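**Q** Pasting in a structure now, in structure tokens, and then I'll have a few things to ask.
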Amino acid sequence: MSMYTLIRNSPKPTMKEIETAFQGNLCRCTGYRAIIEGYRTFTEEWEQIQKENKLASSVCGMGEKCCRLQNGTNNTNFSNTNEVNSHNGTKNTNGFNVASNETNGEALFKTSEFTPYHPSQEPIFPPELKLTDKYDKQYLEFKGTNVTWHRPTSLKQLLNLKNVRPDAKIVVGNTEVGVEMKFKHLIYPVIIQTGQVPELIRITENETGVTIGAAATLNDVEIFLRDQIKKQPDHKTRIFVAMVEMLNWFAGKQIRSVGALGSNIMTGSPISDMIPILMVAKSELEVQSKDNGIRKVVLDNSFFVGYRKNVINPDEILLSIHVPFSQKDQYFQAYKQARRREDDIAIVNAAVNVTFEPKSDIISNISFGFGGMSFKTVAAPRTEEKLRGMPWNRQTLEIAYSYLLEDLPLEPGAPGGMIQYRRSLTLSLFFKTFLAISQELQKYVPNIKLDQRDVSGIRGFHGRELKSSQYFTVVPSTQEKTDALHRPIVHMSAYKQACGEAVYCDDIPYQEGELYCAFVLSTKPHANILKIDETEALAMEGVHGFVSAYDISEERNWWGTVVRDEKIFYTDKVTAQYQVIGLIVAENQNIAQRAARKVRVKYQELEPVIVSIEDAIKHRSYFADPHKIIRNGDIDEVLKEAPHVLEGECRIGGQEHFYLETQSCLVVPKPEDGEMEIYSSTQSASDMLKLVAEVLGIQQNKIVIKVKRVGGAFGGKESKAIRIAVAMAVAARKFNRPVRCMLDRDEDIIMTGARHPFLMKYKVAFNENGKLLGCDAKLYNNSGYAMDVSPSVMEKAMAHFVNSYKIPVVRVAGYPCKTNLPSNTAFRGFGAPQGMYLAECMAQHIADYLNKDPREISELNLYKEGDTTHYNQKITNCTIDKCWKECIDSSNYYNRRIEVDKFNRENRYKKRGLCIIPTMYGIAYPAPHLNQGGALILVYTDGSVLLSHGGIEMGQGLYTKMIQVASRALEIPIEKNPHK
């Protein structure tokens, strides 16, 4: 949809436009680069490359970096890319024959098979979806139980509405109010949408600047300002340049397409990206009410009178924002610091507006605006007063620092934390401003000279041009045409997924009599439950009932994939927030969720509350003390005799799975024999089947679990999907009706746990060359309130804590910590990444101690053929050394290392790094019975085949691979081989 919108508005987009269009998109598996590469062919740059280099679509996009050229498989000089073959007239591109590529299987697709372009093929908006625009021109009003929504089409209608209901919320894109209503559960009785009022969406240029309608979208504002920047002299558009640059970091493209500048002002967020710019630019706001007409207000330090409160009266509306042109001796800079560069809220942002005496470095006037330093955007009045009349130099900079610290205090307990960091950011961002303005001033003022090493501190990081290549197997000509194995086949669901036709769990149509479930969750980390009162919830219209532990027997109120240590419903005591107390069953999702919030639970809080790994160590709160110890040799003796011993610790935090499809389930009770069908987004259908049968007290053969596909999982739907399904199965049996639930994103995150955080302590012995002699390590993971798969995750980390390095003598102990947090669970890598991180921390520690390149330490200690691991597995067919050398050579590591060092010497404030890290990952399960699989093949009389197996398709292409295997085994084309 993002690309469709972009191409409709820009038929020949640039790569920069494509990257911008993807700002608001999430990808959890495939990778953004692969998606962007797929759309590169729409760009003008790609078309130009084809014309200039005569490149066929099968040629590697890496250019001179193509593996054919780098690895010596083709000796043709890259500069001779258009050599004509005298025998047949075809062209060799990058040293190999283009025409032959399309016939010998070396091309993923054949350009000759493309449908020729015709203007009639332009991707217009489907007429069927746009029946009429008459409602776009009409005043609309929608009345609901709690909210009335208005959409006026004239300024007069809007003023009348605001006069009658001054408490009404005005929205444009609803990006702020919608979030408040959805996640904060706020109710606004009257909402007015202003997107059809002409006066509010107009953007105009006048003699003094630009006037922007309060409801004009940020995207429209950006387009208009870019046009101004092109046609106006540079000195007049310095404020506009700062606004456009900031808009690139303001939310994502989708939000900017509906959100408005006026909304940003009226929301009054203290970390707004745009308000500091508008404030120091002395922007003028035009407001109007029905009774008092129009008045003008300057957006300055007195505009906000409280947290998200301003001087505009309740019956007034914001009409427009006037942003002035900048003057010849006026310079303007704005910066934002967030946790990530794109689509994230600011920690601190700053805007600085400086005017100098003509052709001099004397400050005539200066204004500051800072976000993230108070309950509102603030200025720095004492600093401004002090700097006026002073020269723009390093001495003035130091004075500004001391005054800024006075102007911008933060209490130790200020919301948002990071007090010292935020205070230092104000100085850092002003220093960037100082460098940027100095760079401009030195063109006109002789006595200002900027050291070239300082220049890199002016701007942020900029992405480099993406280049990539795609690897696939070229099958031999002797392979049967019907044999699909090893051939690059399109994912079997790719077209359905791209078109939105693929059916996921919550896409399954409504079942007759279906009800919706909402979970009632605990709100205390450690407490006795004194009373559960669902009376108010049950009194709501549309609520059918409440499901709790009283609906199943005590001995069946337990679940767990390894150990049955979690309750399905908690009624007497909770040991973490967000444990399930009960289920509200209602007519629809909205009613169910509102009713769930009305269930009152009375607690008696208990101590201790164990949150961190350090808390668990202090209270010796472990599921096992320790869970396991792996010993190999006498580590105490090695530590005693070794030339060098280092001691340290490292930690790695958790990670949210953030699969695109949240946990979802549909349970359908059947009319006969207590049978039940469960449609679930799960990775573990067999465990779900077993536990549902166990809890309901019925045979497993009466339950069918169906999983068509899973919209991402990464381990998060291995055990946690069972928790959802088991509780819903109890509800379905109680009401004898189908029940559905798809968790909202916030519910999913708080209920389902994440990757395990680890704290790892070590003593490592080595010699003067960096050769590892032994290691004594203790690994602690934060398991949460229940075991889940934490012991197995710990064992995996213990097996991988040496990574690819041979450590002759080892003692490693693992401690799964029991805490008052939601239990953590499987996550891609399953403990191995945390363990390998410890190995790399030790290697880095040793390298720093010996003053060596970490590469030397890694290379010296790599496993070799015939070595034995610390868990007594002999390594055969060891390719680590070969992989290492190939990576060093193909990456041009040593030359790039020289370039990095040179760059770092020449740049004071921006640095580059380069490292090479090996990885050794064990594939298999510790339990032998898990390392197997089965399949059922049905061959029909028309020659078609049905393949059933126990694997789960979660985006990795498993079904496609299984069809390829069946294609070879049965010697049939894939068209005959549908998949179940």
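The values are calculated or read from the model by the stated rules, or taken from the named source; none is laboratory data. Because the structure is a prediction, the values reported are computed rather than measured. When we count neighbours, we look across all protein chains shown, and the Cβ atoms used for this are built from the backbone with ideal geometry, even at glycine. With ligands, DNA and RNA removed, areas are computed over all heavy atoms of the protein, side chains included. Shrake-Rupley method; radii C 1.70, N 1.55, O 1.52, S 1.80 Å.
**Q** Compute the signed sum of charges (Lys and Arg +1, Asp and Glu -1) over the other residues within less than 12 Å, Cβ to Cβ, of GLY460. Walk me through the numbers before you get to the answer.
**A** Working: positive: LYS336, ARG340, ARG341, LYS432, ARG459, LYS910; negative: GLU245, GLU342.
Summing Lys and Arg as +1 and Asp and Glu as -1 gives +4.
**Q** Specify whether the C-alpha gyration tensor of segment 446-533 places it in the rounded, prolate or oblate class, a ≥ b ≥ c being the square roots of the eigenvalues: rounded for a/c under 1.5, otherwise prolate if a/b is larger than b/c and oblate if not. Before the final figure, lay out the partial values.
**A** Working: a/c = 3.14, a/b = 1.11, b/c = 2.82.
Judged from the Cα gyration tensor, segment 446-533 comes out oblate (a/c at least 1.5, b/c at or above a/b).
**Q** Now for a separate question. Pull up all non-local amide H partners of THR148: gap of 5 or more, or a different chain, and H-to-H distance under 5 Å with H placed in the peptide plane.
**A** VAL190, ILE191
**Q** Same structure, new question: Counting other Cβ atoms within 10 Å, keep those with at most 10, restrict to DSSP loop, and tell me which trypsin sites (Lys or Arg not before Pro) in segment 469-541 are left. Present the calculation step by step, with values, prior to reporting the outcome.
**A** Working: sites: LYS481, LYS496, LYS531; in loops: LYS481.
For trypsin sites (Lys or Arg not before Pro) across segment 469-541 that sit outside H, G, I, E and B with at most 10 neighbouring Cβ atoms in 10 Å, the list reads LYS481.
**Q** In Å², and per residue, what accessible area does the chain have when probed at 1.4 Å with the other protein chains present? Walk me through the numbers before you get to the answer.
**A** Working: 49480 Å² over 980 residues.
In whole numbers, the chain has 50 Å² accessible per residue.
**Q** Roughly how many percent of the accessible protein surface of segment 645-730 is carbon and sulfur, given a 1.4 Å probe and a whole-percent answer?
**A** On segment 645-730, the fraction of accessible area on carbon and sulfur atoms equals 46 percent.
**Q** State to the nearest 20 debye the size of the charge dipole of the chain about its Cα centre, where the only charges are +1 on K and R beta carbons and -1 on D and E beta carbons. Working shown, then result.
**A** Numbers: 119 positive and 114 negative charges, 195 e Å.
Roughly 940 debye for the chain.
**Q** Starting from one equal scatterer on each C-alpha and no solvent at all, send me the Debye-based log10 I(q)/I(0) for segment 155-251 at q = 0.14, 0.16, 0.23 Å⁻¹, two decimals.
**A** Log-scaled intensity ratios, in q order: -0.68, -0.81, -1.15.
**Q** Also: Determine the sum of side-chain charges near ALA731: Lys and Arg each +1, Asp and Glu each -1, restricted to other residues whose C-beta is under 10 angstrom from that of ALA731.
**A** Details: positive: ARG733, LYS734, ARG737; negative: ASP551.
My count for the surroundings of ALA731 gives +2.
**Q** Still on this structure: Taking amide H positions as placed in the peptide plane 1.01 Å from N, state which residues far from GLY545 in sequence (5 or more) or on other chains have amide H under 5 Å from it.
**A** When sequence neighbours closer than 5 places are left aside, the close amide H contacts are VAL585.
**Q** For a quick check of your reading of the filter: which GluC sites (Glu not before Pro) in segment 153-254 sit in a DSSP loop and have no more than 13 other Cβ atoms within 10 Å? The partial results should precede the final answer.
**A** Details: sites: GLU176, GLU180, GLU199, GLU205, GLU207, GLU222, GLU245; in loops: GLU176, GLU207.
Sites meeting the loop and neighbour criteria: GLU207.
**Q** Using alpha carbon centroids, what distance separates segment 932-973 and segment 172-204, in Å?
**A** Comparing the Cα centres of segment 932-973 and segment 172-204, I get a distance of 51 Å.
**Q** A further question follows. Do the sum for the chain: with -39,500 (n - 2.57) for every DSSP H run of n ≥ 4, divided by all residues, what is the mean residue ellipticity at 222 nm, to the nearest 500 deg cm²/dmol? Don't skip to the answer; put the middle values down first.
**A** Numbers: 31 runs with 291 residues, N = 980.
Rounded to the nearest 500, the figure is -8500 deg cm²/dmol.
**Q** What trypsin sites (Lys or Arg not before Pro) in segment 869-944 are in a loop by DSSP, with at most 11 other Cβ atoms within 10 Å of the Cβ? Mind dumping the intermediate values first?
**A** Numbers: sites: LYS874, LYS882, LYS885, ARG896, ARG897, LYS902, ARG905, ARG908, LYS910, LYS911, ARG912; in loops: ARG908, LYS910, LYS911, ARG912.
Taking segment 869-944 and a limit of 11 other Cβ atoms within 10 Å, the loop trypsin sites (Lys or Arg not before Pro) found are LYS911.
**Q** Once you order the gyration tensor axes a ≥ b ≥ c over the Cα atoms, which shape class does the chain get: rounded for a/c under 1.5, otherwise prolate or oblate by comparing a/b with b/c?
**A** Details: a/c = 1.33, a/b = 1.15, b/c = 1.15.
Taking the square roots of the gyration eigenvalues as a ≥ b ≥ c, the chain is rounded.
**Q** OK, next. Mind checking which of HIS627, PHE658, LEU639 is farthest towards the positive end of segment 625-678's charge dipole, using Cβ charges of +1 (Lys, Arg) and -1 (Asp, Glu) about the Cα centre?
**A** Comparing the listed Cα positions along the dipole, LEU639 ranks first.
**Q** Let me ask another. For the chain, give me the percentage of DSSP beta bridges that are antiparallel, rounded to the nearest 5 percent. Don't jump to the answer; show the numbers that get you there.
**A** Values: 109 of 132 bridges.
Restricted to the chain, the bridges split so that about 85 percent are antiparallel.
**Q** What is the distance in Å between the Cα centres of segment 797-840 and segment 284-326?
**A** One Cα centre to the other: 57 Å.
**Q** For a 28 Å ceiling on Cα separation, which of these pairs sit above it: LYS628/LYS852; LYS598/LYS818; LYS761/LYS852? Could the numbers behind the result be given before it?
**A** Working: LYS628/LYS852 34 Å; LYS598/LYS818 31 Å; LYS761/LYS852 23 Å.
Cα-Cα > 28 Å for LYS628/LYS852; LYS598/LYS818; rest within.
**Q** Same structure, new question: Measure up LYS690/LYS734; LYS771/LYS885; LYS156/LYS231; LYS467/LYS496; LYS182/LYS690; LYS640/LYS778 against 26 Å on the Cα-Cα distance and list the ones that go over.
**A** Numbers: LYS690/LYS734 19 Å; LYS771/LYS885 19 Å; LYS156/LYS231 35 Å; LYS467/LYS496 28 Å; LYS182/LYS690 36 Å; LYS640/LYS778 18 Å.
In this structure, LYS156/LYS231; LYS467/LYS496; LYS182/LYS690 exceed 26 Å between Cα atoms.
**Q** Considering only C-alpha atoms, what is the centroid distance from segment 582-661 to segment 407-428, in Å?
**A** Taking the Cα centre of each part, segment 582-661 and segment 407-428 sit 30 Å apart.
**Q** Just add up the charged neighbours of ALA436: K/R +1, D/E -1, any other residue whose Cβ is under 12 Å from the Cβ of ALA436.
**A** Details: positive: ARG238, LYS432, ARG459; negative: GLU245, GLU440, ASP454.
After counting each charged neighbour, the total is 0.
**Q** Shape verdict for segment 730-858, please, from the Cα gyration tensor: rounded (a/c under 1.5), prolate (a/b greater than b/c) or oblate. Can you show the working numbers first?
**A** Numbers: a/c = 3.71, a/b = 2.98, b/c = 1.25.
Since a/c reaches 1.5 and a/b is larger than b/c, the shape of segment 730-858 is classed as prolate.
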